[in-house]
Every structure is written in C-alpha cells, then in structure tokens.
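One structure is given below, encoded as structure tokens.
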Amino acid sequence: MPTTKEIIEITERNSAHNYQPLPVVIERAEGIWVWDAEGKRYLDFLSSYSALNQGHRHPRIVAALKEQADKVTVTSRAFYNTELGPFCVELCALCGPEMEMVLPMNSGAEAVETALKTARKWGYLKKKIPAGKAEIITCEGNFHGRTITVVSFSTEAEYRNDFGPFTPGFVTIPYGDAGALEKAVTKNTCAFLVEPIQGEAGVRLPPPGFLSKAREICTKHNVLMLADEIQTGFGRTGRMFACDHEGVRPDMFILGKALGGGVYPISAVVAPAQVLDVFKPGEHGSTFGGNPLGCAVAREAMRVLVDERLAQRSLELGDYFMAQLGKLKSKHVKEVRGRGLLIGVELHPGAGGARKFCEALQAEGLLCKETHTHVIRFAPPLVIQKADIDWALERIAKVLVH
C-alpha cells in the first residue's frame with residue numbers, strides 16, 4: 001500500500017491541479033469518520049460539500065446500491081426502467097404538492113444548466129418573450145457550478161479568468177436586495193436564480209424576508225423563481241429545504257449532492273408540470289440521467305432523511321453548535337453565521353486566512369475546508385451526535401483560541 005506521501009506525489013503529478021486539497025489521503029470511511037492511509041481517524045466536518053448528509057456509507061443506502069447493481073445499472077433513456085418513475089413520484093412528494101415533474105441529471109452543474117434551459121424555453125413558449133431576448137437574473141457572489149454558461153454570470157474573477165467569451169442573457173443584482181430585484185425585472189425576464197444561502201461565498205444568509213419578497217416579485221411579474229438547493233437541500237439547514245424557513249415554494253427546485261446519499265451522483269430539476277412540459281423528445285437529455293442505479297440509491301437516500309429525522313437533528317444540533325461557537329473568546333473570529341449544520345466562521349483579515357486554521361484542525365483530527373479565503377465552513381454529516389460536536393468543539397477551541 002503506498003504511503004500518504006507517495007499517493008500525494010502521484011496525484012499531483014498525474015491529476016490536473018484544479019483543486020488544492022489538504023494533505024490527507026482518505027482510505028476508508030464510515031458514518032462521520034474517515035481514516036487515512038496510515039490508519040489515523042478524522043471527523044469529517046465538510047461532508048463533501050453536503051453530499052454526505054446521511055453520512056459515509058450509510059448501510060441502507062449501500063444495500064440499495066448493491067441490490068440494484070445486481071439487477072441493472074444503466075439503460076439510457078432509450079428505454080423505460082423500473083426505478084425512474086417511482087423516484088420521480090417520491091421526489092415530487094418530498095418537494096411539495098405543487099411539484100409534479102422531475103428531470104433527472106447527474107451533477108449539480110448539469111441540473112443548473114437544465115434549469116436555465118427550462119426557464120428560457122418556458123419564457124419563449126409560455127411568456128411569449130421574443131426569440132433570443134430572454135433574461136435571467138442572478139445574484140452577486142453566486143456559485144452554481146463550473147460550466148461556461150454558469151461562470152458567465154459569476155462575479156468571481158477566479159472562476160471567469162481566461163474562460164471567455166461568455167454566454168449573454170444574465171443580469172446580476174446584489175444578494176439579498178429585493179429592491180434591486182424589482183428594478184431588474186423587465187418584460188424579457190424569464191427567471192430569477194438564487195441560492196437560499198450562499199455556501200461557497202462564505203455561508204452568506206440573505207436578510208430575513210428576502211426569499212418571501214422575491215417570491216412575491218416573481219409572482220407579480222410572471223417570472224420563474226429557481227431555487228438552487230444543491231448544497232442547502234435535504235436537511236442541511238434544519239429544514240428539508242432552506243426555502244422552508246420562510247415558507248417559500250419556488251417554481252423550480254435544483255437539487256443534487258445529498259440526493260445521492262454520498263454513494264452515487266444524481267441531480268434533478270423539480271417543478272410543476274406547466275414548467276417542465278416545455279420539453280419535447282430530443283430537446284434535452286443525458287445518457288446516465290435517470291439511470292436505475294442512481295434512482296434506486298436516491299429513493300433510499302430520501303427515505304433515510306425522513307426516517308432518521310435528519311432535518312430536525314440538523315436544526316437542534318446546529319443551534320447548539322452555533323451557540324457554543326459564539327462563546328469562543330477568539331481574537332481571530334469576526335462572525336459566526338449559518339443555519340442548521342451549515343455554519344461559517346469568518347475570520348478577521350489579520351488572522352492570515354482560513355487555510356492555516358484548517359490545516360491546524362486537520363492535525364487535531366478534524367477535517368474542514370476554507371471558503372472565500374477568510375471563512376472556515378463547518379458542515380458535518382447530519383447523523384452526527386451531540387457528543388461528537390463537543391469533541392469537535394474542544395479541538396476548534398484549541399486552534400482558534402490562542
């Protein structure tokens with residue numbers, strides 16, 4: 001078995017350098033814990049950016065994967081399969097009675113692209129926007145993926161540099177500014193794309209009432225409200241979806257990550273039939289989208305979320321964790337913010353960046369990752385216990401309070 005040093009050297013030599021991982025090599029995992037190549041145990045406090053809400057290798061989800069793998073894995077959408085229909089029914093039920101149809105894909109970025117294509121086509125067919133004139137409003141600080149179209153409306157130079165020319169048709173407003181949203185709407189606006197909480201931007205929450213006001217504005221102007229819940233959905237923020245905190249129903253949920261239970265990539269767009277019925281055969285698709293293996297895994301992943309009350313667990317433990325973090329007397333901490341078990345600790349610029357603190361936490365057996373230079377993101381699997389949070393808090397205090 002190669003050592004950690006050898007594995008890192010091989011990876012750095014033969015893998016493109018589009019990530020900057022912490023220097024740990026994970027060999028196996030279970031629940032909230034992972035082990036490196038030398039057998040050292042770490043508490044996973046990142047959850048693969050919320051893909052592991054149900055924890056690593058949840059036995060029910062792994063069993064569903066194995067059972068389906070023994071039957072059929074991929075059929076393409078050239079044929080029907082036994083899992084897609086039931087998956088769509090169950091996902092719609094989880095999202096609410098207004099949601100009637102599902103368009104399954106694989107990655108979160110694919111789901112966002114699908115949502116954008118749907119919104120534009122809806123704009124032309126249903127709202128009668130002149131051909132080629134559809135506009136979609138997005139927010140400053142957004143992160144919706146890495147495709148050319150998505151980075152076209154990013155406000156982060158790092159995501160855009162040297163990737164142009166960019167896709168037109170997008171208008172940007174300040175995040176959380178309902179007045180700016182109202183002003184940005186024109187007769188050619190087909191959709192407003194928003195994250196209920198901006199995860200990659202540093203766990204940024206909009207002002208209270210913003211989502212409700214955005215819903216009102218979109219309804220008033222016949223504009224689709226697209227909620228990107230890829231990172232915030234499936235219990236992460238203490239509700240099944242982050243929009244639920246304000247009782248808001250978007251016109252479209254964009255979902256991924258935890259939908260696959262940390263076992264298999266699957267994403268989806270979920271919307272009323274009058275939105276998703278704009279597609280005709282051949283206009284959009286994916287070879288692997290809606291494959292039976294992914295659908296079987298997702299069905300069990302959703303059942304686990306409900307049966308184990310993971311959203312409620314996230315709400316209760318998140319409140320506790322936030323309160324304890326707020327008591328830390330650290331000269332480095334500027335602000336603690338978040339909802340449920342999606343928490344950001346913003347450091348003062350003088351602290352020297354969040355990376356070195358994440359490296360120090362790794363040495364203490366706690367794995368997390370910096371975001372936006374000065375923010376440490378804490379997002380453990382939702383199956384975590386209070387005692388495990390206390391264990392983590394001891395190490396966080398050791399690193400931050402000095």
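State whether segment 181-333 is rounded, prolate or oblate according to the following rule on the C-alpha gyration tensor (a ≥ b ≥ c being the square roots of its eigenvalues): a/c under 1.5 gives rounded; otherwise a/b larger than b/c gives prolate, and the remaining case gives oblate.
Because a/c hits 1.5 or more and a/b fails to exceed b/c, segment 181-333 counts as oblate.
For segment 60-307, what number of Lys pairs, 8 or more residues apart or on separate chains, have alpha-carbon atoms under 18 Å from each other?
Close lysine pairs found across segment 60-307: 22.
Set Lys and Arg Cβ to +1 and Asp and Glu Cβ to -1, take the dipole of segment 60-307 about its Cα centre, and tell me which of P206, T114, V304 lies farthest positive.
Going by the charge dipole, the pick is T114.
Using DSSP, restrict attention to beta bridges with both residues in the chain and report what percent are antiparallel, rounded to the nearest 5.
Details: 30 of 46 bridges.
The antiparallel proportion sits near 65 percent.
With everything on Cα atoms, drop me the angle between helix 310-326 and the longest principal axis of the chain, reported from 0 to 90° to the nearest 10.
That helix lies at roughly 50 degrees to the long axis.
Based on the mean of other Cβ atoms within 10 Å per residue, sort peptides 238-244, 157-163 so the most packed one is first.
Listed from highest to lowest mean packing, they are 238-244, 157-163.
For the chain, what is the calculated [θ] at 222 nm in deg cm²/dmol (nearest 500), taking -39500 (n - 2.57) for each run of four or more DSSP H residues and dividing by its residue count?
Computed mean residue ellipticity for the chain: -10500 deg cm²/dmol.
Quote the charge dipole size of segment 168-221 about the Cα centre in Debye, to the nearest 20; the model charges only the Cβ of Lys and Arg (+1) and of Asp and Glu (-1).
Dipole about the Cα centre, nearest 20: 200 debye.
Rank-order 10-22, 340-352, 388-400 by packing density, defined as the average count of other C-beta atoms within 10 Å over each peptide's residues, highest first. Please report the intermediate quantities before stating the final value.
Working: 10-22: 9.2, 340-352: 20.2, 388-400: 17.7.
Packing order, densest peptide first, comes out as 340-352, 388-400, 10-22.
If one computes the Cα centroid of segment 144-219 and of segment 110-137, what distance in Å separates the two points?
15 Å
To test your reading of the geometry: what angle, between 0 and 90 degrees and rounded to tens, separates the Cα axis of helix 84-95 from the longest principal axis of the chain?
80 degrees
Taking the Cα centre of segment 228-351 as the origin and placing charges on Cβ (Lys, Arg +1; Asp, Glu -1), which of I266, F279, L341 is farthest toward the positive end of the dipole?
Towards the positive end, the residue furthest out is L341.
I need the fraction of alpha carbon pairs in segment 262-402 separated by more than 22 Å, rounded to a whole percent.
53 percent
Once both labels are modelled 7 Å past Cα along the beta-carbon direction, what's the H348-L22 spacing in nm?
2.4 nm
Report, to the nearest 10°, how far helix 386-400 tilts away from the longest principal axis of the Cα atoms in the chain, using its own Cα long axis and a range of 0 to 90°.
70 degrees
Once you have a ≥ b ≥ c as the square roots of the Cα gyration tensor eigenvalues for segment 213-288, tell me rounded if a/c is under 1.5, and otherwise prolate or oblate according to whether a/b is larger than b/c.
oblate
Among the aspartates and glutamates, select those whose C-alpha is under 19 Å from the C-alpha of K329, and discard any that sit fewer than 8 residues away in the same chain.
Leaving aside aspartates and glutamates fewer than 8 places away in the same chain, those within reach of K329 are D319, E346, D390, E394.
Please tell me the relative contact order of the chain in percent, rounded to the nearest whole number, where contacts are Cα pairs under 8 Å and at least six residues apart. Present the calculation step by step, with values, prior to reporting the outcome.
Numbers: 804 pairs, mean separation 91.5, N = 402.
Once normalised by length, the contact order is 23 percent.
Determine the distance separating the Cα centre of segment 59-85 from the Cα centre of segment 236-303; give it in Å without decimals.
With segment 59-85 and segment 236-303 each reduced to a Cα centre, they are spaced 16 Å.
So, with +1 on the Cβ of K and R and -1 on the Cβ of D and E, and no other charges, what is the size of the charge dipole of the chain about its Cα centre, to the nearest 20 debye?
Charge dipole of the chain: 600 debye, to the nearest 20.
For V89 and T3, what is the calculated FRET efficiency with R₀ set at 51 Å and r taken between the beta-carbons, to the nearest 0.05? Don't skip to the end; give the middle numbers.
Working: r = 49 Å, r/R0 = 0.95.
After rounding to 0.05, the efficiency reads 0.55.
Compare the Cα positions of Q68, F79, N53 along the charge dipole of segment 32-154 (+1 at Cβ of Lys, Arg; -1 at Cβ of Asp, Glu; about the Cα centre) and return the one farthest towards the positive end.
F79
Return the distance in nm (one decimal) between the two label points of a simple spin-label model at E283 and E394, each offset 7 Å from Cα along Cα→Cβ.
Reported label-point gap for E283 and E394 is 5.9 nm.
Highest mean first, what order results for 102-108, 286-292 on Cβ atoms within 10 Å?
Most protected by this proxy first, the peptides run 102-108, 286-292.
If you line up the Cα atoms of segment 60-307 on their principal axes, what length do they span on each, largest first, in Å?
54, 40, 39
FYI, it's all coordinate maths here, none of it is from the lab. Here the structure is a predicted model, which is why all the values come from computation and not from measurement. Using ideal geometry, Cβ is built from the backbone for each residue, glycine included, and neighbour counts are taken over all protein chains shown.
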